[in-house]
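Okay, so here's the structure we're looking at.
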Number of protein chains: 2
Amino acid sequence: MVQYTQDHFNASFAALSDVTRRGVLEQLARSNASITELAEKFAMTLTGMKKHVGVLEQAGLVTTEKIGRVRTCKLGVCRLEEEAAWIERYRQLWDARFDALDQVVEELKRKEKIDGRKKRK
Amino acid sequence: MVQYTQDHFNASFAALSDVTRRGVLEQLARSNASITELAEKFAMTLTGMKKHVGVLEQAGLVTTEKIGRVRTCKLGVCRLEEEAAWIERYRQLWDARFDALDQVVEELKRKEKIDGRKKRK
């Protein structure tokens with residue numbers, strides 16, 4: 001299960017790491033499209049678009065269905081729920097870490113002030 | 001600006017697409033660590049860890065500082081805020097899309113019921 005999640009995260013974050021693939025997801029969120037339509041929209045060869053769609057499909061972000069000669073793409077079952085949760089948890093850790101550093105800095109400033117006063121006496 | 005954001009998204013999502021790199025971020029959120037310590041913790045060569053840290057550094061997720069012979073890694077300024085926002089927006093689009101499909105299915109079911117009744121008459 002843990003390994004599955006890690007593999008899934010690898011695949012979904014890798015899928016999101018390309019501007020065209022993010023654009024395809026945004027497009028499919030509006031309406032289904034064939035590979036040909038997507039290739040035209042993103043000014044790309046059919047082969048190039050097929051590769052991008054393959055990466056999105058492997059990550060569960062897109063599903064495709066071939067009817068006759070047309071392969072139609074639609075959004076997949078992965079709605080990036082766990083990915084959003086991972087990022088949220090990281091952001092909380094990040095905030096906690098920097099809050100802690102802020103406290104250290106404040107403590108140092110306070111001590112410096114006290115030391116300064118002592119020296120002036 | 002838009003191009004900057006897209007490049008930044010490419011870099012940050014790519015940085016997150018590896019289990020070791022996600023582990024390094026979780027580790028640094030707890031405490032700073034040298035490259036050597038990270039390499040040991042993740043059972044990896046120094047060269048391998050340096051590469052991973054380089055990818056995280058390029059994405060702004062990690063900063064490093066060399067004091068003497070030790071390079072210390074700490075969390076960078078990028079707290080994945082925009083990435084979280086992108087994913088959130090996508091999830092909203094996803095939900096809206098599937099809600100719309102649900103409505104179409106419900107509408108079809110309703111029509112089928114009416115047609116069925118008409119035929120029985």
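The values are calculated or read from the model by the stated rules, or taken from the named source; none is laboratory data. Bear in mind that the values here come from a model prediction, so they are computed numbers and not experimental data. Here the Cβ is made from the backbone with ideal geometry for all residues, glycine too, and neighbour counts use every protein chain on show. These area figures cover heavy atoms from the full protein model, side chains too; ligands, DNA and RNA do not enter into them. Shrake-Rupley method; radii C 1.70, N 1.55, O 1.52, S 1.80 Å.
Taking both sides together, what accessible area is buried at the A/B interface, probe 1.4 Å, expressed in Å² and rounded to the nearest 100?
Interface between A and B: roughly 3400 Å².
Once you place label points 7 Å from the Cα toward the Cβ at A:LYS109 and A:GLN27, how far apart are they in nm?
Placing both labels 7 Å along Cα→Cβ, they lie 5.1 nm apart.
Work through the residues other than B:ASN10 whose Cβ is under 14 Å from its Cβ and net out their charges, Lys, Arg +1 and Asp, Glu -1. Spell out each step's value before the answer.
Working: positive: A:ARG21, A:ARG22; negative: A:ASP18, B:ASP7, B:GLU82, B:GLU83.
Around B:ASN10, the charge tally is -2.
Taking the simple approach of a point 7 Å from Cα along Cα-to-Cβ for both B:LYS74 and A:LYS41, what is their distance in nm?
4.4
What percentage of the solvent-accessible surface of chain B, computed with a 1.4 Å probe over protein heavy atoms, is contributed by carbon and sulfur atoms?
53
Of A:LYS74/B:LYS111; A:LYS113/B:LYS66; A:LYS51/A:LYS74, which pairs sit farther than 22 Å apart, going by alpha carbon to alpha carbon?
A:LYS74/B:LYS111; A:LYS113/B:LYS66
Would you mind giving the average projected area, over all directions, of the Cα convex hull of the range B:12-110 in nm² with one decimal?
The directionally averaged projection comes out at 8.3 nm².
Please report Rg (one decimal) and Dmax (integer) in Å for the Cα set of the protein assembly as shown.
Over the protein assembly as shown's Cα set, Rg and Dmax evaluate to 24.5, 105 Å.
Using protein chains only (no ligands, no nucleic acids) and a 1.4 Å probe, work out which residues of the range B:88-106 have their accessible area cut by at least 40 Å² relative to the chain alone.
SASA drop of 40 Å² or more in the range B:88-106: B:TYR90, B:ARG91, B:LEU93, B:TRP94, B:ARG97.
I'd like to check one number: the per residue accessible area of the range B:1-83, probe 1.4 Å, reported in Å² as a whole number.
Per residue, the range B:1-83 has an accessible area of 53 Å².
State the Cα centre-to-centre distance between the range A:50-121 and the range B:1-79 in whole Å.
13
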